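Trainee: The structure's right below; bear with me while I get my questions together.
The values are calculated or read from the model by the stated rules, or taken from the named source; none is laboratory data. In this text, all values refer to a predicted model and were calculated from it rather than measured experimentally. Methodologically, a virtual Cβ is constructed for each residue, glycine included, from the backbone with ideal geometry; neighbour enumeration extends over all protein chains shown.
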Amino acid sequence: MEEGGVKEVRVFRPKSLGGTLRLYTRNPDSLLYAGGTEILRRVQRGPGLVFAFPQKVIYLGNVQELNRISRSQRHLDIGSALDLSRILKLGRNVLPPVLFEPLSGIATPAVRNLATLGGNICVRSCRGDSLPALSVIDAQVELRTAGSTRWTTVESFLNQRGRPQLRPGEILTRIRVPLEEWDFALFRKVGGRQRLGRSTLSFAGVARFPKGSIEVLHFCLGGLKTPVLRVPGLESRLKNASIPVSTKLIDSLLADLDAALGNEVEDSPEGRYRKATALRLFRWFMEKVNSRSLEML
Ligand SMILES: Cc1cc2nc3c(=O)[nH]c(=O)nc-3n(C[C@H](O)[C@H](O)[C@H](O)COP(=O)(O)OP(=O)(O)OC[C@H]3O[C@@H](n4cnc5c(N)ncnc54)[C@H](O)[C@@H]3O)c2cc1C
């Protein structure tokens, strides 16, 4: 219904997951509203940009199944509509530190009381700060429609342009966070604390090195052309490497990373700066891994 140019918005507030999925199948043009901190889109109208208001909204905040956390020995299942403050209340001892860091740095406490983890993963700009951390710990996301369930990693969930690959009627329902122990974990965001800014770059890395060599090391860069960039070839070169990792090996890995980043930045002063920053972050991570390994002796 339209009155004086203002469209009426229908807001659905389902309580059960089954009801939500059926509602979304019947109304696939609805906007899913979780915390609502990143839903408004601006579209070109005439000479200027205006906010595009959806006509139908499905509010996820009342859906019980999306608002709970369950914990087993091996993983945490976090409902997609849980706000970041409630997730952070789990504390650093339960939540993997590499994930705690980015979540606690998002916006302000007031925004974190609204913003959800599901929203951070599905946000259209695909620069959510949780993504590199979720990638390195091999978290999985559950995606459901009224008639199907699938699980995938965050890298596979985003396409090359960084858009979430949601099928019609599909909702991100849970995030499965493995509770593995890591000997060292690091998250850093550089380039300002802007919200989902184009100029920010983030790095997440985890490593386990129990007996004098690297058992597993994962790292991920966020904010480049590939929104969640893993370089599996580099990670596997480090498997079983003696620790501390030699300077020669680190230099050789940096040369490979330099090549892998070739198409990930614009050929401009800013692009070159971002590439140099990414390389510095990787070197710094490796140096920290080495220092930690010496502390553990
Ligand atoms: C002041 C401010 C500062 C910010 N700073 C940061 C920052 O530093 N780092 C950062 O990462 N983000 C930042 N953000 C962005 C934003 O708050 C987060 O990304 C937030 O986690 C989005 O969650 P939400 O619940 O509010 O999502 P919503 O706004 O509700 O939704 C975002 C998008 O995801 C879709 N969606 C939401 N939930 C689901 C679901 N379960 N299934 C399918 N689709 C879904 C929605 O339809 C919408 O398209 C900031 C925002 C503000 C307002």
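Trainee: For residues in the range 98-109 being in a helix (DSSP H, G or I) and free of Cβ contacts under 8 Å to residues at least 60 places away in the same chain, which is farthest from the chain's Cα centre (by Cα)? Please lay out each step first, then the result.
Mentor: Pass one, the range 98-109, residues in a helix (DSSP H, G or I): 98-105, 109.
If we keep only those that are free of Cβ contacts under 8 Å to residues at least 60 places away in the same chain too, we end up with 100, 103-104, 109.
Details: PHE100: 12, LEU103: 10, SER104: 13, PRO109: 19 Å.
Ranking the qualifying residues of the range 98-109, first place goes to PRO109.
Trainee: Could you tell me how many of the residues in the range 83-97 are in a loop (DSSP other than H, G, I, E, B) and out of contact with any helix residue (DSSP H, G or I) (no Cβ under 6 Å at 6 or more places or on another chain)? Walk me through it before giving the result.
Mentor: Initially, the range 83-97 is screened for residues in a loop (DSSP other than H, G, I, E, B), giving 89-96.
Next, from what is left, pick out any that are out of contact with any helix residue (DSSP H, G or I) (no Cβ under 6 Å at 6 or more places or on another chain): 89-91, 93-96.
Residues in the range 83-97 being in a loop (DSSP other than H, G, I, E, B) and out of contact with any helix residue (DSSP H, G or I) (no Cβ under 6 Å at 6 or more places or on another chain): 7 in total.
Trainee: Please determine whether any residue of the range 26-48 is of a type in the set (S, T, N, Q) and within 12 Å of the ligand (Cβ to nearest atom).
Mentor: yes
Trainee: Looking for something more than 13 Å from the chain's Cα centre (by Cα) and at positive phi - is there at least one such residue anywhere in the range 167-181?
Mentor: The answer is yes, given that some residue of the range 167-181 is more than 13 Å from the chain's Cα centre (by Cα) and at positive phi.
Trainee: Being surrounded by 19 or more Cβ atoms within 10 Å (Cβ to Cβ), at pLDDT below 95 and in a helix (DSSP H, G or I), is that true of even one residue in the range 252-274?
Mentor: yes
Trainee: Taking ARG112 as meeting all but one of (1) loosely packed, with under 11 Cβ neighbours inside 10 Å; (2) within 24 Å of the chain's Cα centre (by Cα); (3) among the charged types (D, E, K, R), write down the number of the exception.
Mentor: (1)
Trainee: Could you list all residues from the range 123-150 that are farther than 21 Å from HIS218 by Cβ, at pLDDT below 95 and either crowded, with 16+ Cβ neighbours inside 10 Å or among the aliphatic types (A, V, I, L, M) (or both)?
Mentor: Answer for the range 123-150, where residues must be farther than 21 Å from HIS218 by Cβ, at pLDDT below 95 and either crowded, with 16+ Cβ neighbours inside 10 Å or among the aliphatic types (A, V, I, L, M) (or both): just VAL123.
Trainee: Among the residues of the range 263-283, which ones are out of contact with any Gly (no Cβ under 6 Å at 6 or more places or on another chain) and in contact (Cβ under 8 Å) with a residue 24 or more places away in the chain? Please lay out each step first, then the result.
Mentor: Pass one, the range 263-283, residues out of contact with any Gly (no Cβ under 6 Å at 6 or more places or on another chain): 263-264, 266-283.
Hits for the range 263-283 are ASN263, GLU264, GLU270, ARG274, THR277, ALA278, LEU279, LEU281, PHE282, ARG283.
Trainee: Let me ask something else about it. I need the strands (runs of 3 or more DSSP E) fully contained in the range 16-61, keeping only those with at least 2 residues that are loosely packed, with under 14 Cβ neighbours inside 10 Å. Before you say what the answer is, go through the steps one by one.
Mentor: Working: elements: 31-33, 41-45, 48-52, 56-59.
So the answer is 41-45, 48-52.
Trainee: Of all residues in the range 157-180, how many are surrounded by fewer than 13 Cβ atoms within 10 Å (Cβ to Cβ), more than 21 Å from LEU60 (Cα to Cα) and modelled with pLDDT under 95?
Mentor: From the range 157-180, those surrounded by fewer than 13 Cβ atoms within 10 Å (Cβ to Cβ) are 159-161, 165, 167-168, 178; that's our starting set.
Next cut, more than 21 Å from LEU60 (Cα to Cα) only: 159-161, 178.
From what is left, the residues that are modelled with pLDDT under 95 are 159-161.
Qualifying residue count, the range 157-180: 3.
Trainee: Would you check if there is a residue in the range 219-229 being in contact with a helix residue (DSSP H, G or I) (Cβ under 6 Å, 6 or more places away or on another chain), modelled with pLDDT of 95 or more, of a type outside the set (A, V, I, L, M, F, W, C) and buried (at least 18 other Cβ atoms within 10 Å of the Cβ)?
Mentor: Scanning the range 219-229 turns up no residue that is in contact with a helix residue (DSSP H, G or I) (Cβ under 6 Å, 6 or more places away or on another chain), modelled with pLDDT of 95 or more, of a type outside the set (A, V, I, L, M, F, W, C) and buried (at least 18 other Cβ atoms within 10 Å of the Cβ).
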